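To start, the structure under review is shown below, and the notes come after it.
The values are calculated or read from the model by the stated rules, or taken from the named source; none is laboratory data. Nothing here was measured: the structure is a model prediction, and the numbers come from that model. Cβ atoms come from the backbone with ideal geometry, glycine included; neighbour counts cover every protein chain shown. Remember, those area values only see protein heavy atoms, side chains included, never the ligands or the DNA or RNA. Shrake-Rupley method; radii C 1.70, N 1.55, O 1.52, S 1.80 Å.
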Amino acid sequence: MQHSASSALVVSGWHRMSYSFNDNTLISQHLESLIRKLHAFVGNAVTQDRNIVFGAGSTQVLSAAAYVLSLANSSSSHSPTRVVASVPYYAYEGDAHTWRNRSESDASTNVIEFVTSPNNPNGLLYKAVPHGPNVKTAYDRAYYWPHFTPIPAPADEDLMVFTLSKLTGHAGSRFGWAVVKDETVFNKMVLHMQVNSIGVSKDTQLRAFKLLKAILEEGTQIFDFAYQTMKSKWERLATTLSLSNRFSLQKINPQYCFFYNKVRESSPAYAWVKCEKEEDKDCYAVLKAANIIVRKGNVFGSEDNYVRLSLVRSQDDFDILIQRLQKLVSEEDGAISM
């Protein structure tokens, strides 16, 4: 809103009507160049000597990655490929730790691990768990931006996925990208996108270009704004729940951030809340009774005494959330008073 003019987009009715750009590809080279500049500016990913592929949000990019990596695995074995992630995980199948020993000892076990880092829902910086000849890894780096986490080093994995929704908040534009080291994997992902959806909408690519251009023109402003917003929310949430004997938050150690050149706390998109009391086995029901919307722990492969609480909501919604949490905590037996 503070930069409405520089981020605004007006498109003539006759503009960008064909499938492809002038170079006969489905990927805007101007947008790709901006993405490389953005990663270099933030210092959160290595893009040199890598290829970049676009998708309709990170969902389509991750789907393409899983498809292509499963083809690489199936060439050496007739065993089906399992997609796994470490608990708590977002919308994936299987626990990576369960498959670790099996993948290292059994050459017929085909595994693709999705490593979400920072993780959704607990905000921790994860590394791959399984290793072996038939193990492939895709890193979901959606939240690896300075407003959510310290940037201790540029991400340098073989396949890294990012999304506009967690960078600028434009979830409805449905734009994601992958930074891919292996050219064969990249080419197969591009082909998959062509067959699946004939690439990403030109209108979406133009919107993403305009937004990223505005970000780079303003330097650190959007990251400063977003970081201060998330930092303030976390301070208020932590203060509220510090008075509670019933609820606790995830612990994330401070790290040195090369973007801000200082040691700092994380400010993740979600709070991973635990109901500490034995009788509160269904943490979702406890918070729902207080009119607080959360996601159940079992959605993330965890126990039901955990829930995910979203902090990426409007300021008005967050203020109401804090009010309801304060009321809930004040009703506890033995709660600490301000």
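Annotations for the structure displayed:
- Cβ-Cβ distances below 8 Å connect the following pairs, each with a first residue in the stretch 171-195 that is touching a residue at least 40 places away in the same chain (Cβ under 8 Å), a second residue that is open to solvent by 80 Å² or more (accessible area, probe 1.4 Å) and in a helix (DSSP H, G or I), and a separation of six or more residues or different chains: PHE175/ARG207; GLY176/THR59; HIS192/TYR67.
- Criterion violated by TYR260 - all others in (1) free of Cβ contacts under 8 Å to residues at least 40 places away in the same chain; (2) under 19 Å from PRO152 (Cβ atoms); (3) over 19 Å from the mean Cα position of the chain (by Cα) satisfied: (1)
- Among (1) modelled with pLDDT of 75 or more; (2) part of a helix (DSSP H, G or I); (3) open to solvent by less than 30 Å² (accessible area, probe 1.4 Å), the one test that PHE54 misses: (2)
- Test: residue in the stretch 89-99 that is out of contact with any strand residue (DSSP E or B) (no Cβ under 8 Å at 6 or more places or on another chain), modelled with pLDDT under 90 and either open to solvent by less than 70 Å² (accessible area, probe 1.4 Å) or part of a loop (DSSP other than H, G, I, E, B) (or both): yes
- Criterion (farther than 21 Å from LEU321 by Cβ, open to solvent by 10 Å² or more (accessible area, probe 1.4 Å), modelled with pLDDT of 95 or more and not assigned by TED's automatic domain parsing to the domain that holds LEU38) met by exactly one of LYS262, LYS231, LYS288, LYS274: LYS262
- Conditions (1) within 21 Å of ASN122 (Cβ to Cβ); (2) surrounded by fewer than 13 Cβ atoms within 10 Å (Cβ to Cβ); number of the one not met by PHE247: (2)
- When MET193 is tested against (1) within 30 Å of LYS327 (Cα to Cα); (2) over 17 Å from the mean Cα position of the chain (by Cα); (3) outside any loop (DSSP other than H, G, I, E, B), only condition (1) is not met.
- The listed residue being open to solvent by 40 Å² or more (accessible area, probe 1.4 Å), modelled with pLDDT under 85 and either within 17 Å of the chain's Cα centre (by Cα) or under 17 Å from ASP182 (Cβ atoms) (or both), out of SER76, SER108: SER76
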